[in-house]
Amino acid sequence: MSDAHDELGRAFRAMNIAMRRMRGRETHQSAGLSYAQFGLLFALEGGVALSARSLAEAASLSPASVTQMLEALEASGLVARTRSADDKRIVLNELTERGQEALAKVRARMEPAWRQALEDFSDEELLTAAAVLDALAGCFAGIAGDKQRALEETSDALGVGGDDAA
């Protein structure tokens with residue numbers, strides 16, 4: 001491996017450590033929400049109602065954990081949950097106006113630090129970094145896909161599985 005590969009690996013590990021520390025410290029506690037809960041809110045930010053299963057996949061969490069978090073977010077008035085018109089077993093989740101306001105506050109707090117951290121890089125450098133991160137995401141998704149495929153085959157053989165009712 002070249003020095004550039006080694007340096008990228010070092011930087012990637014350092015970023016992952018910093019992200020784990022940020023999650024562990026529940027940096028968003030001032031709003032009374034965990035990092036994981038804000039992750040769900042950010043996933044809903046696009047205005048599309050999503051099922052708990054879809055949110056769980058996006059956040060790499062279990063559907064049961066996501067369902068509990070969504071119930072708490074609904075109780076806080078940040079998320080609205082409704083049954084799908086197409087399939088009553090599926091509960092769709094979307095941001096409320098209050099949820100959108102909470103995300104706007106977090107963005108207002110975090111955006112300046114994000115911009116400051118990246119201000120010394122050109123657009124070309126940032127686009128290259130994005131391409132590197134996309135390539136790594138694809139690599140890890142492929143590795144995880146192999147693991148997921150093995151789990152699915154085991155579940156199928158045992159007759160175990162889930163639906164999207166969470």
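If you check 81, 13 for being surrounded by fewer than 18 Cβ atoms within 10 Å (Cβ to Cβ), touching a helix residue (DSSP H, G or I) at 6+ places or on another chain (Cβ under 6 Å) and either at pLDDT 90 or above or under 26 Å from residue 136 (Cβ atoms) (or both), only one passes: 81.
Being surrounded by 13 or more Cβ atoms within 10 Å (Cβ to Cβ), of a type in the set (Asp, Glu) and assigned to a helix (DSSP H, G or I) is a property that residue 94 lacks.
Within the bounds of the stretch 119-136, is there any residue that is modelled with pLDDT of 85 or more and closer than 20 Å to residue 36 by Cα?
Scanning the stretch 119-136 turns up no residue that is modelled with pLDDT of 85 or more and closer than 20 Å to residue 36 by Cα.
With respect to residue 50, is the statement that it is within 19 Å of the chain's Cα centre (by Cα), at pLDDT 90 or above, surrounded by 14 or more Cβ atoms within 10 Å (Cβ to Cβ) and farther than 30 Å from residue 136 by Cα true? No, not satisfied.
The values are calculated or read from the model by the stated rules, or taken from the named source; none is laboratory data. Fair warning: this is a prediction, and the values are worked out from it, not measured in the lab. FYI the Cβ positions are ideal-geometry reconstructions off the backbone, even for glycines, and counts take in every protein chain you see.
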